[in-house]
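A short worksheet on the structure shown next.
The values are calculated or read from the model by the stated rules, or taken from the named source; none is laboratory data. What you see is a predicted model, and the numbers here were worked out from it, not measured in a lab. Backbone-built Cβ (ideal geometry, glycine too); neighbour counts: all protein chains shown. Side chains are part of the model used for accessible areas, which takes the heavy atoms of the whole protein and leaves out ligands, DNA and RNA. Shrake-Rupley method; radii C 1.70, N 1.55, O 1.52, S 1.80 Å.
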Amino acid sequence: MKVLIPDPLRSYTSERREVQADGATLSELLADLDRRYPGIRFRMIDEQDAIRRHIRIFVNGEQVSGLQVPLTSADEVFIVQALSGG
Amino acid sequence: MATISKQKSAMRTAATDKLALLVATRKGAFILKADGSRRKWETTGPMFFGHVVHHMMLDPRDGRTMLVAARTGHLGPTVFRSTDFGANWKEAAQPPAFPKVPEGKKGRVVDHTFWLTPGHSSEPNVWYAGTSPQGLFRTEDGGDTWGPVAGFNDHPMYTKWTGGEQDGTPDGPKLHSVIVDPSDANHLYIGMSSGGVFESVDKGADWKPLNAGCRADFFPDPHPEYGHDPHCVKLHPLAPHILYQQNHCGIYRMDRSAGSWERIGTNMPKEIGDIGFPIVLHPRDPATVWVFPMDGTSVWPRTSPGGKPASYVTRDSGQTWQRQDQGLPASQGWFTVKRQAMTGDAHDPVGLYFGTTGGDVWASRNEGAKWTCIARHLPEIYAVETAALA
């Protein structure tokens with residue numbers, strides 16, 4: 001399925017904004033994403049499987065809060081990073 | 001003593017190498033390379049531009065492996081590795097992270113890796129890392145995969161020793177000053193802000209507080225067993241029974257045969273005090289130590305006392321201190337020098353270096369007698385380390 005990558009994580013995807021990854025849940029999708037782009041998962045998901053504070057993940061436009069969300073191949077996953085800071 | 005003389009000689013030989021400074025900043029990393037005389041410096045970088053880089057270290061055992069502890073304001077923490085002195089970098093496959101706990105329990109999360117220490121000379125690919133919140137991690141493959149040192153992270157006293165979030169620095173509680181005794185790979189020290197100084201004699205399997213004699217003025221009982229705030233702890237490489245620390249509550253020295261810390265900062269001028277972040281040891285003379293005092297009065301401005309920055313040196317183990325301010329601003333110089341941001345080289349005379357939170361790097365080729373600014377306008381500096389270039 002289609003996964004949209006925010007700017008700060010595109011160093012992992014050879015600067016590609018849109019990539020493909022598979023999984024029956026968001027957890028599986030992120031594991032697949034990490035297989036394809038090693039290291040990317042830990043920058044947005046912590047060791048307790050929580051989405052990091054400044055990361056938001058949307059599935060078909062709806063924000064999700066956990067990793068057990070079911071997915072289908074037609075879904076679109078949008079990863080967003082907060083723009084706050086200085 | 002013959003052994004120390006031989007080691008001193010070896011260290012001077014190494015000092016003929018060219019020198020670089022590894023500068024970690026809030027917005028990336030920089031390398032400052034010196035000419036042979038240490039008079040001219042060239043700044044290269046930034047590397048990892050935009051990353052918060054807490055520490056960058058060269059492995060002195062091979063002279064080419066470097067590790068960088070980095071995160072960004074929004075992305076999680078990681079470690080980058082280079083095996084060719086920074087020409088190419090690769091991210092660690094498994095950065096320092098606490099173990100996942102069962103569903104429904106609250107687990108610890110590494111906010112950032114704060115400190116990197118190469119392991120013992122007999123353990124070539126071993127490094128240690130200290131994190132925020134307090135965690136100790138170890139790699140045996142040169143920094144690619146890291147595992148927790150469970151003997152500390154899961155010690156039954158961990159929660160009591162480390163306190164809570166409220167006991168940390170404004171940037172979070174930190175485990176720092178990871179020291180490997182050069183005479184014994186099993187003998188480790190750590191410092192924690194907060195927590196105090198701790199020691200392990202079995203390669204991290206068990207730990208004991210090492211704070212006797214050190215004050216913790218912020219507690220009702222100023223002499224607790226733990227809970228202190230060492231800002232920076234150093235062990236002398238040629239006299240590993242001698243430790244120094246710049247603490248939140250003064251400058252201390254310990255001779256392990258005495259068994260407790262002695263406050264040597266009381267001999268500093270009263271108007272300056274003995275509060276600061278870094279402490280630097282002479283590579284060959286265990287009696288010579290430098291500090292960079294800061295204002296620790298009232299609400300703790302953490303800037304140079306009176307806006308007049310200076311290093312102070314003792315050459316008699318802290319009995320007397322001499323001010324060193326030649327070349328530094330005579331007034332309106334409100335420097336803050338963080339705990340990892342001052343260091344020395346192995347040359348003779350020793351070169352000293354510090355970076356400020358204002359982004360300037362200062363150097364002295366003569367053990368602090370005169371200071372020169374060698375880089376300006378860098379981002380906020382977190383750490384400065386020397387690296388001998390082969």
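With respect to the conditions (1) within 14 Å of chain B (Cβ to nearest Cβ); (2) surrounded by fewer than 16 Cβ atoms within 10 Å (Cβ to Cβ); (3) among the polar types (S, T, N, Q), A:GLN81 falls short on a single one, namely (2). In segment B:66-91, which residues are in a loop (DSSP other than H, G, I, E, B), farther than 14 Å from A:GLY39 by Cα and more than 7 Å from every other protein chain (Cβ to nearest Cβ)? Selection gives B:THR83, B:ASP84, B:PHE85, B:GLY86, B:ALA87, B:ASN88. Considering segment B:214-316, the qualifying strands (runs of 3 or more DSSP E), each wholly inside and each with 3 or more residues that are polar (S, T, N, Q), run over B:239-247.
B:ALA2 passes every criterion in (1) hydrophobic (A, V, I, L, M, F, W, C); (2) at pLDDT 90 or above; (3) more than 30 Å from A:ASP49 (Cβ to Cβ) apart from (2).
If you go through segment B:7-38 and keep only what is out of contact with any strand residue (DSSP E or B) (no Cβ under 6 Å at 6 or more places or on another chain) and at pLDDT 95 or above, you end up with just B:LYS27. Assessment of segment B:107-115 against the conditions (more than 11 Å from chain A (Cβ to nearest Cβ) and part of a loop (DSSP other than H, G, I, E, B)) yields no matching residue.
Can A:ARG16 be described as out of contact with any strand residue (DSSP E or B) (no Cβ under 7 Å at 6 or more places or on another chain) and within 14 Å of chain B (Cβ to nearest Cβ)? Against the criterion (out of contact with any strand residue (DSSP E or B) (no Cβ under 7 Å at 6 or more places or on another chain) and within 14 Å of chain B (Cβ to nearest Cβ)), A:ARG16 does not qualify. Considering (1) open to solvent by 20 Å² or more (accessible area, probe 1.4 Å); (2) at pLDDT 95 or above; (3) of a type outside the set (Lys, Arg), the lone condition that B:PRO77 does not fulfil carries the number (1). For segment B:122-169, a residue qualifies if it is outside any loop (DSSP other than H, G, I, E, B) and farther than 21 Å from B:ASP202 by Cβ, and the qualifying residues are B:THR131, B:SER132, B:THR145, B:THR159, B:GLU165, B:GLN166, B:ASP167, B:THR169.
Restricting the search to segment B:318-344, which residues are among the hydroxyl-bearing types (Ser, Thr, Tyr) and surrounded by 18 or more Cβ atoms within 10 Å (Cβ to Cβ)? Of everything in segment B:318-344, those that are among the hydroxyl-bearing types (Ser, Thr, Tyr) and surrounded by 18 or more Cβ atoms within 10 Å (Cβ to Cβ) turn out to be B:THR336, B:THR343. The requirement of being more than 9 Å from chain A (Cβ to nearest Cβ), open to solvent by less than 30 Å² (accessible area, probe 1.4 Å), at positive phi and within 20 Å of the chain's Cα centre (by Cα) is satisfied by B:GLY143.
Taking segment A:24-38 as the region of interest, how many residues are surrounded by fewer than 19 Cβ atoms within 10 Å (Cβ to Cβ) and either within 9 Å of chain B (Cβ to nearest Cβ) or assigned to a loop (DSSP other than H, G, I, E, B) (or both)?
Qualifying residue count, segment A:24-38: 2.
Of the set (1) at pLDDT 95 or above; (2) crowded, with 16+ Cβ neighbours inside 10 Å, all apply to B:PHE49 but (2).
When residues in segment B:236-291 are screened for being surrounded by fewer than 21 Cβ atoms within 10 Å (Cβ to Cβ), closer than 23 Å to B:ALA369 by Cβ and of a type in the set (Val, Ile, Thr), 1 of them pass.
Restricting to segment B:346-382, give me the number of residues that are more than 21 Å from B:ARG26 (Cα to Cα) and open to solvent by 10 Å² or more (accessible area, probe 1.4 Å).
Start the filter on segment B:346-382 by keeping residues that are more than 21 Å from B:ARG26 (Cα to Cα), which leaves B:346-352, B:364-372.
After this cut, where a residue has to be open to solvent by 10 Å² or more (accessible area, probe 1.4 Å) as well, the list is B:346-349, B:365-367, B:369-370, B:372.
Result for segment B:346-382: 10.
When both residues are 6+ apart or on different chains and their Cβ atoms are under 9 Å apart, which pairs have a first residue that lies in segment B:92-105 and is within 9 Å of chain A (Cβ to nearest Cβ), and a second that is part of a loop (DSSP other than H, G, I, E, B) and hydrophobic (A, V, I, L, M, F, W, C)? Listed by first residue and then by second, the contacts come to B:PRO95/B:VAL110; B:ALA97/B:VAL109; B:ALA97/B:VAL110; B:PHE98/B:VAL109; B:PHE98/B:VAL110.
A count restricted to segment A:39-78 and to residues that are within 11 Å of chain B (Cβ to nearest Cβ), open to solvent by 30 Å² or more (accessible area, probe 1.4 Å) and assigned to a strand (DSSP E or B) stands at 2.
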